[in-house]
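Okay, so here's the structure we're looking at.
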Amino acid sequence: MIALPPIQFDRTTGALDGANAWERLAALALSSGSKVASTFSHRGYNSCANLLRMALPERNIAIKLNPDATFEFPYGDGYWSKLLNRSYSYEDELELLFRDSVGVDYTLIDCGANFGYWSVLVSSAAYGSHKAIAIEPSSQNFVKLTNNARINGNRFEAIKCAIGAMRGSARLSGTKHEAFSIAGNAGGGGEEVPVITLDNLLDDGKISAGGKYLIKLDVEGVEIAAIKGGTRLLQGDSVLLCEEHGNDPDHTVSRYILEQTPLRLIVYDPNSHRLETVTELSILNRIKVSSHVGYNVIATASAFWQGRIDALNANVARRAQ
């Protein structure tokens, strides 16, 4: 059976091309559903979208994120279909930092890259055409990740492995493509995947010790192990963009960063639209309002990146006056 070509959607203009009448109706439902669900942090949206997907022909949709960035995924996918809502913004805190860093010569290390959304964007001209290394352990996700690399001119590198505290192997399990994890699955089923550390990227010559790095760490419960495996890399001009789980009232990842590492901990405050330095964890009680979503915290020991963040906050303050 010949696969249908992907539907085309332009987030800038709203143009939807290549869709039949039923698929157009589904696009309206997916977009409108996201707008409604955004008022309660999209709770239930993924499940509803995935149910709708069962009634759709099996094909992809290619979303034009900007003139130089196309992101493709299965049409109706519950996690990514929010992009059909043109007012939806994915991970504001990362967007803020990436936009501010367009002129910096850095490499994105995209750990837990999934289908490669941030690698596609950061390597695009609008974001500075930066080098990106997308790291993803899941075989089924990796197929979609490498497809997104291909349709964007193979301008970022994809590596199939997990990130952990030491080099080796582990079992990957889970039912949702956005939540596969090697945490708590030492035995039993799942897919066996290789594991490397962040510092192994230095050892293996993938990156150099003197470079500047933004490290997105979305590794579903293995964040602390990954931080332990990146001690050398994090001593340099690196910024860690790490997921803090909304359903964790103890703020385990942030607590570890604040209490057990030399890194400065920073969090995006949606009230002030600033990246605020965290000196005690109670600020996260106010920011983490939804238990079913993840929140990104930022950590760095780099004077260069701390200066960039301070300047970014100063610009936000001036715009607010």
Name the residue that is surrounded by the most Cβ atoms within 10 Å (Cβ to Cβ), counting only residues in region 247-268 that are within 25 Å of residue 237 (Cα to Cα) and of a type in the set (D, E, K, R).
264
Please determine, by comparing only the residues of region 269-305 that are open to solvent by 50 Å² or more (accessible area, probe 1.4 Å) and in a helix (DSSP H, G or I), which one is farthest from residue 258 (Cα to Cα).
304
Taking the condition of being open to solvent by 40 Å² or more (accessible area, probe 1.4 Å) and either of a type in the set (Asp, Glu) or in a helix (DSSP H, G or I) (or both), how many residues in region 205-219 meet it?
0
Could you tell me how many of the residues in region 9-47 are touching a Leu at 6+ places or on another chain (Cβ under 7 Å) and in a strand (DSSP E or B)?
1
Filter region 248-268 for residues that are in contact with an Asp or Glu (Cβ under 6 Å, 6 or more places away or on another chain) and either within 17 Å of residue 226 (Cβ to Cβ) or part of a loop (DSSP other than H, G, I, E, B) (or both) and give the result.
253, 254
Residue that is least open to solvent (accessible area, probe 1.4 Å) [pool: residues in region 48-58 that are assigned to a loop (DSSP other than H, G, I, E, B) and not small (Gly, Ala, Ser)]
56
Within region 87-110, is even one residue under 26 Å from residue 54 (Cα atoms), of a type outside the set (Asp, Glu), open to solvent by 30 Å² or more (accessible area, probe 1.4 Å) and touching a strand residue (DSSP E or B) at 6+ places or on another chain (Cβ under 7 Å)?
no
Of all residues being in contact with a Ser or Thr (Cβ under 7 Å, 6 or more places away or on another chain) and hydroxyl-bearing (Ser, Thr, Tyr) in region 269-313, which is farthest from residue 237 (Cα to Cα)? Just the residue, please.
290
Determine which member of the set 172, 198, 202, 145 is over 29 Å from residue 292 (Cβ atoms) and either aromatic (Phe, Trp, Tyr) or open to solvent by less than 40 Å² (accessible area, probe 1.4 Å) (or both).
202
Counting only residues that are in contact (Cβ under 8 Å) with a residue 12 or more places away in the chain and within 23 Å of residue 213 (Cα to Cα), how many does region 277-310 have?
16
Please go through region 255-266 and give me each residue that is within 22 Å of residue 316 (Cβ to Cβ) and either of a type in the set (Lys, Arg) or in contact (Cβ under 8 Å) with a residue 40 or more places away in the chain (or both), ordered by number.
264, 266
Looking only at region 222-237, count how many residues are open to solvent by less than 50 Å² (accessible area, probe 1.4 Å) and in a loop (DSSP other than H, G, I, E, B).
4
Evaluate the following for residue 65: is it in contact with a strand residue (DSSP E or B) (Cβ under 6 Å, 6 or more places away or on another chain) and open to solvent by 20 Å² or more (accessible area, probe 1.4 Å)?
yes
Among the residues of region 123-142, the number that are of a type in the set (A, V, I, L, M, F, W, C), over 17 Å from residue 194 (Cβ atoms) and crowded, with 22+ Cβ neighbours inside 10 Å is 1
Collect the residues in region 5-37 that are open to solvent by 50 Å² or more (accessible area, probe 1.4 Å) and of a type in the set (Val, Ile, Thr), keeping them in residue-number order.
12, 13, 36
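The values are calculated or read from the model by the stated rules, or taken from the named source; none is laboratory data. Remember, it's a predicted structure, so these values are computed and weren't measured experimentally. Here the Cβ is made from the backbone with ideal geometry for all residues, glycine too, and neighbour counts use every protein chain on show. Quick note on the areas: whole protein, heavy atoms, side chains included, nothing else; ligands and nucleic acids left out. Shrake-Rupley method; radii C 1.70, N 1.55, O 1.52, S 1.80 Å.
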